[in-house]
């Protein structure tokens, strides 16, 4: 491969990650200058989470042909990669001698990515309208799995009283899950899928994904980041490097290729989900550590995702980008 070809692939990878994180940086700037204050940011985030993103994911899920779902190995690969990451992170944490009260935070950070927002935004950046369509079902399955596993991990290490039943009820009320489930039901019902769904999904992606990313940037708190210790960096390394590597190796071994492999990488390589902080605080764990991991992984993921997607592109494993 010539130098010019290598640079072209790198710029293509940067074009996937940079637009996503540029919106996050804009949110940070808007908060710093006082334009996007916490109260307004909370309202905008709620509007996007309750309406825009569920409708976008509904439109994507409704366009999937589920008659070939049995051959969609990337769904199984995503689930198995999550379970593998959890098990290995747990035993690594024990080997490292992390305090039990911090082990659950470390393990949750290792396996739980922000796939429903940052992940889906990058799939749209990489593959256009096709990205969120491919990502809809993995997001639904893995969001449910993430929440159940997080409850088990935090309960076993922090003694939280949260029950699986309460988590399942919360999942059932989650607007993103409702949107995806409704799209799946429409697709498999045999009813004609309205032609307007394709442009609707594209339009919603164009508007609401940047809005949510701006809100993420505006909600980031850097005040405690200077206290980030070794565990924060270890957790970030697992989330951004180890977990995606495990997932891609597993998916490739299972025969996942092209766009499906690219989508799986982008979902698994996303920074830690903001909801992980909420669950840690609810379990009376170290909220500062959880928040630091979210901020650090968000900052560093621009580099790790760009390099990872570049390497996969150079190996011709992730298909043609938009």
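Bear in mind that the values in this text are calculations on the coordinates, not laboratory data. Predicted model, so just to flag it, every value in this text is computed and none were measured. With ideal geometry, Cβ positions are generated from the backbone for all residues, glycine too; neighbour counts draw on all protein chains shown.
Observations, loosely collected:
- The label point for residue 242 and the one for residue 166, both projected 7 Å from the Cα toward the Cβ, are 3.0 nm apart.
- Look at where the Cα atoms of the range 70-112 and of the range 166-199 average out, and the two centres are 28 Å apart.
- The range 3-66 and the range 259-306: distance between their alpha carbon centers, rounded to Å: 15
- Using a Gaussian network model of the chain in which every pair of alpha carbons under 10 angstrom is joined by a spring, one finds that among 128, 78, 52 the greatest mean-square fluctuation is at 128.
- Over the chain, dividing the summed -39,500 (n - 2.57) contributions of all DSSP H runs of at least 4 residues by the number of residues returns a 222 nm mean residue ellipticity of -24000 deg cm²/dmol.
- Taking 0.36 nm per residue of separation and subtracting the current Cα-Cα distance, fully stretching the chain between residue 51 and residue 252 would add 68.8 nm.
- Neighbour counting of Cβ atoms within 10 Å sorts the residues 94, 257, fewest neighbours leading, into 94, 257.
- Binning the C-alpha pair distances of the range 204-322 at 5 Å intervals from 0 yields a P(r) profile of 2, 11, 18, 19, 18, 15, 10, 5, 1, 0 %, listed from the shortest bin outward.
- Coordinate range along principal axes, alpha carbons of the range 227-268, Å, largest first: 42, 16, 7
- Selected from 233, 23, 95 as most flexible by GNM, with the chain as the system and alpha-carbon contacts under 10 Å: 95
- Histogram of C-alpha separations across the range 95-150, 10 Å bin width, %: 22, 38, 24, 13, 2
- One chain, two ends: residue 225 and residue 314. Fully extended at 0.36 nm per residue, the span grows by 28.6 nm beyond their Cα-Cα distance.
- Modelled this way, with points 7 Å down the Cα-to-C-beta line, the labels at residue 43 and residue 178 are 2.2 nm from one another.
- Taking the chain as a Gaussian network of alpha-carbon nodes connected by springs under 10 Å, the highest mean-square fluctuation of the residues 122, 56, 279 belongs to 279.
- Ranked by how many other beta carbons lie within 10 Å on average, peptides 130-138, 203-211 from highest: 130-138, 203-211
- For the range 203-243, the normalised intensity computed at q = 0.14, 0.19 Å⁻¹ comes to -0.54, -0.77 (log10 of I(q)/I(0), Debye sum over alpha carbons, equal scatterers, no solvent).
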